[in-house]
1. Run down Ala49, Ala25, Ala66 and say which single residue is modelled with pLDDT of 90 or more, closer than 27 Å to Asn123 by Cβ and part of a helix (DSSP H, G or I).
2. Please go through the range 102-118 and give me each residue that is free of Cβ contacts under 8 Å to residues at least 12 places away in the same chain and part of a helix (DSSP H, G or I), ordered by number.
3. Looking only at the range 89-101, count every residue that is without any contact (Cβ under 8 Å) to a residue 24 or more places away in the chain and buried (at least 16 other Cβ atoms within 10 Å of the Cβ) and tell me the total.
4. Considering (1) under 28 Å from Lys112 (Cβ atoms); (2) out of contact with any helix residue (DSSP H, G or I) (no Cβ under 9 Å at 6 or more places or on another chain); (3) modelled with pLDDT of 90 or more; (4) basic (Lys, Arg), say which one Arg93 fails and leave the rest.
5. I need the full set of residues from the range 75-90 which are modelled with pLDDT under 90 and in contact with a helix residue (DSSP H, G or I) (Cβ under 7 Å, 6 or more places away or on another chain), in order please.
6. Looking only at the range 56-74, count how many residues are without any contact (Cβ under 8 Å) to a residue 12 or more places away in the chain, charged (D, E, K, R) and touching a helix residue (DSSP H, G or I) at 6+ places or on another chain (Cβ under 9 Å).
7. For Ser78, are the conditions met, namely being under 26 Å from Ala9 (Cα atoms) and surrounded by fewer than 19 Cβ atoms within 10 Å (Cβ to Cβ)?
8. Of the residues in the range 111-131, how many are in contact with a helix residue (DSSP H, G or I) (Cβ under 6 Å, 6 or more places away or on another chain) and at pLDDT below 90?
Amino acid sequence: MNDTKQSGAERLYVIYDGYCNLCLASVARLKELRSNADLQFVPIQQLEAEGEGQQLIPNIGQLKYAELYEKMHVADESGQLFAGADGVVRVLRTVKGLRRLAFFYRIPGMRKIADRMYRYVANRRYEWFSKTEQSCSVNGCELPQRRGENNKHGN
């Protein structure tokens, strides 16, 4: 369970593709992990539906939705955006047990390698992991059901 509701915790907004099965699985896993930040998960589709991200993410400037679909973005409370591998590392730094992984990102050359790996997977995410039929941004989403289960999940 995510222990991020404590007062004074840094708030990070994780902006992800609500149609991407890899993104949805990653968000579901992050919600289970303990973070010292208040992680808010915002599907791109919800930002588009609202018309302006400023209503959901304070201090955020004008968003370019085409760029948001290319990479996951993380926004901090000041509105600074971290995209792709930078965003992943920004979140990892807050998650108990994964903070040490963020250290490797500081090794010379690792940022470039991590960014290339991120782009390689991101460009193939629908091909490799497919898409959901609907975004989880409105009224939750339905995950594939196992026999006898009703898997209705919301954000």
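1. Ala25
2. Phe103, Phe104, Met110, Lys112, Ile113, Arg116
3. At the first step, the residues of the range 89-101 found to be without any contact (Cβ under 8 Å) to a residue 24 or more places away in the chain are 92-93, 99-101.
Subsequent filtering for residues that are buried (at least 16 other Cβ atoms within 10 Å of the Cβ) retains 92-93.
Total satisfying the criteria: 2.
4. Among (1) under 28 Å from Lys112 (Cβ atoms); (2) out of contact with any helix residue (DSSP H, G or I) (no Cβ under 9 Å at 6 or more places or on another chain); (3) modelled with pLDDT of 90 or more; (4) basic (Lys, Arg), Arg93 violates only (2).
5. Hits for the range 75-90: nothing passes.
6. Of the residues in that region, 0 qualify.
7. For Ser78, the condition - under 26 Å from Ala9 (Cα atoms) and surrounded by fewer than 19 Cβ atoms within 10 Å (Cβ to Cβ) - is met.
8. To start, the set of residues in the range 111-131 that are in contact with a helix residue (DSSP H, G or I) (Cβ under 6 Å, 6 or more places away or on another chain) comprises 114-115, 118, 125, 129-130.
In the following step, the residues that additionally are at pLDDT below 90 were identified as 130.
So the count comes out to 1.
The values are calculated or read from the model by the stated rules, or taken from the named source; none is laboratory data. Note that the structure is predicted; figures quoted are calculated from it, not measured. All Cβ positions, even for glycine, are placed from backbone atoms using ideal geometry, and neighbour counts span all protein chains on display.
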